[in-house]
Amino acid sequence: MKQSIDLEILHKTTNQSLKTSISPSQKIEKELLVLVWVFPFAQPFPLDTCETVYGISGCKLTADRSLYSVADAVVIHHVDIMYDRASLPQKPRPHHQRWVWFNMEPPVVIKNLHFLDNLFNMTVTFRQDSDVFRPYGRMEALKKPWSFSIPAKTKLVAWVVSKWYPGAARNIYYKKLKKYLPIDVYGKKHLKLHWDDVYRTISKYKFYLAFENTIYKDYITEKLWSNAFDSWAVPVVLGPSRENYERFLPEMPSFM
């Protein structure tokens, strides 16, 4: 899944950060330049979105590293630099510049945080207490009624899993659950499923196992937002606490 940046919040936060670093008599009139140091997972995304998508004027997003010395902020995706400190900017940082740590992975995946000590000024992550909160998904109220039709459901439970950890909590739970229910598992070492067929396949099922690979605060990923909701399947979740889920979703019925 492509990872982009919430430019509206980043623009406001960076702009406020710059304002607090100068005297009250000064004004920020120049265009705010945000440098994307590396595209997340080597997957480019549109850079001309400040005005067209977010309606933000006075902002420019670029991946041109030659503009490093004049960039107001540099966004660095951790997974793409975590094994090589030399992959970080090596030139001295301009005094006005802010470094932004961008990460969408749980702690179990993140490596070598020690060589990032005292380098970053801001964070962009899935955690709600980040400087810029960038969730995997969110629910918004419709401005007007929307006509839709739910796909016909011919099967019961599906689970798409790319990484199979035998001792993981989700695998242990799955093994117990399958004794009582038929569960179709797609992915490595299981039923084959091409990425282009994910939604069409899952939409045939009534329920989807939105099991996270790590139990961590606010870590609620595309397994819920995309795989389940976009396929009109009822999610069965395994992740952070119930209270944590209900900060982002309507209160769920209890079966206990």
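Within the option set K189, K143, K217, being at pLDDT below 95 and within 29 Å of Q128 (Cα to Cα) holds for one residue only, K143. Residues in segment 35-80 that are open to solvent by 80 Å² or more (accessible area, probe 1.4 Å), of a type in the set (V, I, T) and touching a residue at least 24 places away in the same chain (Cβ under 8 Å): V53 only. The condition of being part of a loop (DSSP other than H, G, I, E, B), open to solvent by less than 40 Å² (accessible area, probe 1.4 Å) and touching a strand residue (DSSP E or B) at 6+ places or on another chain (Cβ under 8 Å) holds for only one of P89, P94, that being P89.
Taking segment 200-222 as the range and being over 23 Å from P166 (Cβ atoms), of a type outside the set (G, A, S) and more than 15 Å from the chain's Cα centre (by Cα) as the test, the residues that pass are R200, T201, I202, K204, Y205, K206, F207.
Taking the options W232, W225, name whichever one is on the phi > 0 side of the Ramachandran plot and not basic (K, R).
Selected residue: W232, the only one of W232, W225 that is on the phi > 0 side of the Ramachandran plot and not basic (K, R).
Taking the criterion of being over 27 Å from S66 (Cβ atoms) and open to solvent by 80 Å² or more (accessible area, probe 1.4 Å), the residues of segment 97-136 that qualify are V108, K111, L113, H114, D117, Q128, D129. Remark: pairs (first residue in segment 153-164, part of a loop (DSSP other than H, G, I, E, B); second residue among the polar types (S, T, N, Q) and at pLDDT 95 or above; Cβ separation under 9 Å; 6+ apart in sequence or on different chains) = K153/S203.
Residues that are modelled with pLDDT of 90 or more and within 22 Å of the chain's Cα centre (by Cα) do not occur anywhere in segment 16-33. When R200 is tested against (1) touching a Phe, Trp or Tyr at 6+ places or on another chain (Cβ under 8 Å); (2) among the charged types (D, E, K, R); (3) outside any loop (DSSP other than H, G, I, E, B); (4) open to solvent by 20 Å² or more (accessible area, probe 1.4 Å), just one condition goes unmet, and that condition is (1). Taking the criterion of being more than 16 Å from H190 (Cβ to Cβ), surrounded by fewer than 14 Cβ atoms within 10 Å (Cβ to Cβ) and not charged (D, E, K, R), the residues of segment 163-178 that qualify are G167, I172. When S57, S4 are screened for being in contact with a Phe, Trp or Tyr (Cβ under 9 Å, 6 or more places away or on another chain) and either modelled with pLDDT under 95 or assigned to a strand (DSSP E or B) (or both), only S4 passes.
Okay, residues lined up against (1) out of contact with any strand residue (DSSP E or B) (no Cβ under 9 Å at 6 or more places or on another chain); (2) not hydrophobic (A, V, I, L, M, F, W, C):
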site: F133; (1), (2): no, no
site: Y136; (1), (2): yes, yes
site: M139; (1), (2): yes, no
site: K143; (1), (2): yes, yes
site: S147; (1), (2): yes, yes
site: A158; (1), (2): no, no
site: P166; (1), (2): yes, yes
site: Y173; (1), (2): no, yes
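When N118 is tested against the conditions (1) over 22 Å from the mean Cα position of the chain (by Cα); (2) on the phi < 0 side of the Ramachandran plot, the lone failure is (2).
Among the residues of segment 209-253, those that are outside any helix (DSSP H, G or I) and either among the small types (G, A, S) or touching a strand residue (DSSP E or B) at 6+ places or on another chain (Cβ under 7 Å) (or both) comprise L209, A210, F211, E212, A233, V234, P235, V236, V237, L238, G239, S241.
Listed by first and then second residue, the pairs linking a residue in segment 116-140 that is in contact (Cβ under 8 Å) with a residue 40 or more places away in the chain and closer than 23 Å to D84 by Cα to a residue that is open to solvent by less than 60 Å² (accessible area, probe 1.4 Å) and assigned to a loop (DSSP other than H, G, I, E, B), with Cβ atoms under 8 Å apart and 6 or more places separating them unless they lie on different chains, are V124/I5; V124/D6; V124/S130; V124/R134. For segment 167-199, filtering for residues that are within 25 Å of the chain's Cα centre (by Cα) and of a type in the set (K, R) leaves 2.
The values are calculated or read from the model by the stated rules, or taken from the named source; none is laboratory data. Given the structure is predicted, the values throughout are model-derived calculations rather than measurements. All Cβ positions, glycine included, derive from the backbone under ideal geometry; neighbour counts span all protein chains shown. Surface accessibility is based on the protein's heavy atoms, side chains included, excluding ligands, DNA and RNA. Shrake-Rupley method; radii C 1.70, N 1.55, O 1.52, S 1.80 Å.
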